[in-house]
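Student: The structure under discussion is supplied below as structure tokens; questions concerning it will follow.
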Amino acid sequence: MSLSVHIKKDFGGFLLSVDLEHESGIMGLLGASGCGKSLTLKSIAGIVTPDEGRIVLNGRVLFDSEQHMNLSPQVRNVGYLFQNYALFPNMTVEKNILCGLNREKDRNIRREKLENVLEMMELTSLRRSLPHQLSGGQQQRAALARILVSGPELLLLDEPFSALDSYLRDSLQIQVKELLENYGKDVLLVSHSRDEIYHLCSRMALIDSGKVFGTGGTKEIFADPGTRAGAVLTGCKNIVRARKSGEYEVEVPEWGICLKTGKPVGDHVCAIGIRAHYFNSRARENVFPVVYADRMEEPFETTILFRYAGQEKDSTPVWWRIPKDRMPDKMPEQLGIAPQNVLLLYPEDNR
Amino acid sequence: MDWYPLINSLRIAAISCVMVFFAGIFAAYYVARLPRAIKGILDVFLTLPMVLPPTVCGYFLLLIFGLKRPLGMLLSQWGIQFAMTWYGGILTSAVVAFPLMYRTARGAFESFDVTLAYAGQTLGLSNTYIFWNIRMPACRQGILAGTVLAFARALGEYGATSMLIGYIPGKTATISTTVYQLWRTNDEAGALFWVLVNMAISTVVLLIVNMLECRNGKAGAS
């Protein structure tokens, strides 16, 4: 089980340049909207033709510009779950699923597979419904059923949960995760949602402006994104220029402080990132006086904006997020950060 | 009572409508996928018959298919003669009605959610199947509207038809040329009769379309 993608395509002003290796399991591709996530999936599925490069799935060449190989989407055997699910609006759920069984010539096997998938996806009672009569979650199940019966070697999920209401999203993520794990096929999921990627994917890559970088284990990448773009994509709220000032120390000019780090600092360090949750009023290290600036309340969390005492008045404030039940009665006079929570960020070509 | 103009008009309109249906859809499908520059030029060319006076279309058709023109002479060797025959009316009606079908179908195709076609391809469905079973039903409203417009235009075609096939009672007479001929010869009652016949046909066609749309709306796709 393996997927190898090395492709380039020039869209006139936007260059898609993807290098991706996927061994097995569920892999995530995290990127902001318009960064080329969907184009990557479309290239793998054969809907978009890259200018050059090579795509190999389980040893089978799907695309190779040098050998002039370009298999049609019909024979690539790659399932694609579209963001809007793309159920055929004029066909019932059952007919939609039968479209996924068009390669199966034996009528009895076709019927059997249909019944199985209807039952597995809890769609039996909806088999005669038209797509627009289904809820978002039901549409997602029907679209997944249609793809799964076609038995693809690789499953591409394009923002699978973005069309759903947020309260449905979490429970469906658990269901889909279970389904995909039981199904045991390779999955490539793209999303702009950190939570989705973190929940569902054991491995991930980051994508920004058409370029894939930072492939690795999901937990490792969130713990140490390594680049500025990676820190932004993984949701780091505080990113600020920094330079090396000691083997385990960086200087942050904008904040007027020096921070101890958990990891040795490389020569090329250009910035640091500190996640908004990681400030602590009881920390013992990297403790500096702070000045309250503003606050934003959410149902269960509060975001407090503050500046360091040495920071200029009109500079960007620092974000500190804290669950409401742990919120101290009054703004602490100083805050600290554990050294291992100072993320060291390097230029992209110099990790 | 001579019903020939009615029969002639209906068969001309029906046959040209079928021709225009397929020609318009395929032109729309392929033109919609062309690069922008070529699309612009082809679009002007294919839409011209709609904005030109029908007599100008008739003039061009006479230039091509006239009895003393090369193509007209060539075709007459096989006994095909578009000038002054009833089936010449099919040609004129089709040319004039084509842009209506082409433009409405193109509009429908361009608003088609192309991810449906992609989804079909990744599921292994052939492009032909996707076209007839997914794209066409999704564009049904626009295509139906285009067909009706084309049929109505073909039925009412006068200018190009009178240029190419003239008015021969019992041979090339259509409802519209008959109305003009009877009016010209001071047979007001006759002219009014054919006017009413024409209105009746148009009304029935539009009613049928409305009924079809209602039914589709209930059964069908959002």
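Student: Regarding region A:111-127, can at least one residue be identified that is at the interface with chain B (Cβ under 10 Å from one of its Cβ atoms), surrounded by 19 or more Cβ atoms within 10 Å (Cβ to Cβ) and either at pLDDT 95 or above or not in a helix (DSSP H, G or I) (or both)? Please lay out each step first, then the result.
Tutor: First pass over region A:111-127, keeping only residues at the interface with chain B (Cβ under 10 Å from one of its Cβ atoms): none.
No, because not a single residue in region A:111-127 is at the interface with chain B (Cβ under 10 Å from one of its Cβ atoms), surrounded by 19 or more Cβ atoms within 10 Å (Cβ to Cβ) and either at pLDDT 95 or above or not in a helix (DSSP H, G or I) (or both).
Student: Here is a further query. Being in a strand (DSSP E or B) and either surrounded by fewer than 17 Cβ atoms within 10 Å (Cβ to Cβ) or touching a helix residue (DSSP H, G or I) at 6+ places or on another chain (Cβ under 6 Å) (or both) is true for just one of A:G34, A:G13, A:G28. Which residue is that?
Tutor: The match here is A:G28.
Student: Which is exposed (fewer than 13 other Cβ atoms within 10 Å of the Cβ) and more than 30 Å from B:P5 (Cβ to Cβ), of B:G107, B:G79, B:G40?
Tutor: B:G40
To keep it simple, each residue is scored yes or no on (1) in contact with a helix residue (DSSP H, G or I) (Cβ under 6 Å, 6 or more places away or on another chain); (2) exposed (fewer than 15 other Cβ atoms within 10 Å of the Cβ); (3) closer than 21 Å to A:P225 by Cβ.
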{"residue": "A:E254", "(1), (2), (3)": "no, no, yes"}
{"residue": "A:V269", "(1), (2), (3)": "no, no, yes"}
{"residue": "A:S281", "(1), (2), (3)": "no, no, no"}
{"residue": "A:E297", "(1), (2), (3)": "no, yes, no"}
{"residue": "A:I304", "(1), (2), (3)": "no, no, no"}
{"residue": "A:R307", "(1), (2), (3)": "no, no, no"}
{"residue": "A:D325", "(1), (2), (3)": "no, yes, no"}
{"residue": "A:L335", "(1), (2), (3)": "no, no, no"}
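Student: I would also like to ask the following. Somewhere in region B:112-125, is a residue away from chain A (no Cβ under 14 Å), buried (at least 23 other Cβ atoms within 10 Å of the Cβ), over 19 Å from B:V31 (Cα atoms) and of a type in the set (S, T, Y)?
Tutor: Within region B:112-125 (the criterion being away from chain A (no Cβ under 14 Å), buried (at least 23 other Cβ atoms within 10 Å of the Cβ), over 19 Å from B:V31 (Cα atoms) and of a type in the set (S, T, Y)), the answer is no, since none of the residues qualifies.
Student: State all residues of region A:164-198 that are assigned to a helix (DSSP H, G or I) and in contact with a Ser or Thr (Cβ under 9 Å, 6 or more places away or on another chain); if no residue qualifies, say none. Quick ask: steps written out before the conclusion?
Tutor: Within region A:164-198, the subset assigned to a helix (DSSP H, G or I) is A:166-183, A:194-198.
Scanning region A:164-198 gives A:L168, A:R169, A:R194, A:E196, A:I197, A:Y198.
Student: Every residue in region B:172-197 that is in contact with a Phe, Trp or Tyr (Cβ under 8 Å, 6 or more places away or on another chain) and in a helix (DSSP H, G or I), please.
Tutor: B:I175, B:S176, B:T177, B:T178, B:V179, B:Y180, B:Q181, B:L182, B:A191
Student: May I ask you to verify whether B:T147 is within 23 Å of B:G88 (Cβ to Cβ), in contact with a Cys (Cβ under 7 Å, 6 or more places away or on another chain) and either surrounded by fewer than 16 Cβ atoms within 10 Å (Cβ to Cβ) or polar (S, T, N, Q) (or both)?
Tutor: Yes; evaluated as a whole, the condition is true for this residue.
Student: Could I ask something else about it? In the set A:L29, A:L3, A:L57, A:L16, which member is in contact (Cβ under 8 Å) with a residue 60 or more places away in the chain and within 14 Å of chain B (Cβ to nearest Cβ)? Give the steps one after another, and end with the answer.
Tutor: Numbers: A:L29 fails: within 14 Å of chain B (Cβ to nearest Cβ); A:L3 fails: within 14 Å of chain B (Cβ to nearest Cβ); A:L16 fails: within 14 Å of chain B (Cβ to nearest Cβ).
Going through A:L29, A:L3, A:L57, A:L16 in turn, just one is in contact (Cβ under 8 Å) with a residue 60 or more places away in the chain and within 14 Å of chain B (Cβ to nearest Cβ): A:L57.
Student: Report yes if some residue within region B:121-143 is under 24 Å from the mean Cα position of the chain (by Cα) and not in a helix (DSSP H, G or I); otherwise report no.
Tutor: Looking for residues that are under 24 Å from the mean Cα position of the chain (by Cα) and not in a helix (DSSP H, G or I), one finds at least one in region B:121-143, hence yes.
The values are calculated or read from the model by the stated rules, or taken from the named source; none is laboratory data. All values derive from a computational prediction rather than experimental measurement. Glycine gets a Cβ as well: all are built from the backbone with ideal geometry, and neighbour counts include every protein chain shown.
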